[in-house]
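Peer 1: The following block contains the structure, expressed as structure tokens.
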Amino acid sequence: MPGAEIAAGITSLRATLHIAKMMISLRDAEAFRAKSIELQETILRALDSGIEAREAYAKQLNVVGELEEEVARLKAWDAEKRRYELKAVGAGAVAYVLKPGDRGTEPPHWLCATCFQQGKKSFLQNEMKMVLRRLIFTCTVCNSTWRPPKT
């Protein structure tokens, strides 16, 4: 969390100020050098804390961006799925079909119920082959098949 890194940086900067004040009062060259080295170490710790805080902040920004994208995707899917209703399409099978008021210019189509429940819009496609004189419909994602009842 950036707060901990920022607090560590502030603590290091306070220590740096304290050391600098002590250095001003020193007259001995050896003692001055020792405090100078201590000051440099404290400054480096403050810089490290600042870098860590910036990295933590960047990671949090990435997470927030990813979560915003996920929320937008879920909102779009929620709006899309409200346009469909589950209907019996024969032979005990069900599919999602567009509600009559939401059709507009879209051609009639069926969506795979399995994929729909997983948040995917997958069209059932006519395979153009006959089995026992009935067409076969297949989901383009999960490959489930369905044969309408004989009419």
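Peer 1: Say we look at segment 1-40 and pick out the residues that are surrounded by 13 or more Cβ atoms within 10 Å (Cβ to Cβ) and among the charged types (D, E, K, R); which of these is modelled with the lowest pLDDT?
Peer 2: Filtering segment 1-40 for residues that are surrounded by 13 or more Cβ atoms within 10 Å (Cβ to Cβ) and among the charged types (D, E, K, R), the one modelled with the lowest pLDDT comes out as 5.
Peer 1: Moving to a separate point now. Quick one: in segment 85-117, which of the residues that are surrounded by 11 or more Cβ atoms within 10 Å (Cβ to Cβ) and among the polar types (S, T, N, Q) is farthest from residue 138 (Cα to Cα)?
Peer 2: Per the stated criteria, the residue is 117.
Peer 1: Could you name every one of the strands (runs of 3 or more DSSP E) located completely within segment 33-125 that has at least 3 residues being in contact (Cβ under 8 Å) with a residue 24 or more places away in the chain?
Peer 2: It comes to 84-90, 110-112.
Peer 1: Picking from 78, 102, which residue would you name as being modelled with pLDDT of 90 or more and either closer than 30 Å to residue 145 by Cα or in contact with an Asp or Glu (Cβ under 8 Å, 6 or more places away or on another chain) (or both)?
Peer 2: Of 78, 102, the one residue that is modelled with pLDDT of 90 or more and either closer than 30 Å to residue 145 by Cα or in contact with an Asp or Glu (Cβ under 8 Å, 6 or more places away or on another chain) (or both) is 78.
Peer 1: A further question follows. Does segment 16-47 hold any residues that are acidic (Asp, Glu) and under 27 Å from residue 4 (Cα atoms), and which are they?
Peer 2: Passing the criteria: 38, 41.
Peer 1: Next up: Would you mind telling me which numbered condition in (1) at pLDDT 80 or above; (2) surrounded by fewer than 16 Cβ atoms within 10 Å (Cβ to Cβ) residue 135 fails?
Peer 2: The one condition residue 135 does not meet is (1).
Peer 1: Answer with yes or no whether residue 21 is out of contact with any His (no Cβ under 7 Å at 6 or more places or on another chain), basic (Lys, Arg), at negative phi and not assigned by TED's automatic domain parsing to the domain that holds residue 112.
Peer 2: yes
Peer 1: Given the structure, is residue 5 among the acidic types (Asp, Glu), touching a Ser or Thr at 6+ places or on another chain (Cβ under 8 Å) and assigned to a helix (DSSP H, G or I)?
Peer 2: Yes: the conditions hold for residue 5.
The values are calculated or read from the model by the stated rules, or taken from the named source; none is laboratory data. Quick caveat, the model's predicted, so the values are computed rather than measured. Using ideal geometry, Cβ is built from the backbone for each residue, glycine included, and neighbour counts are taken over all protein chains shown.
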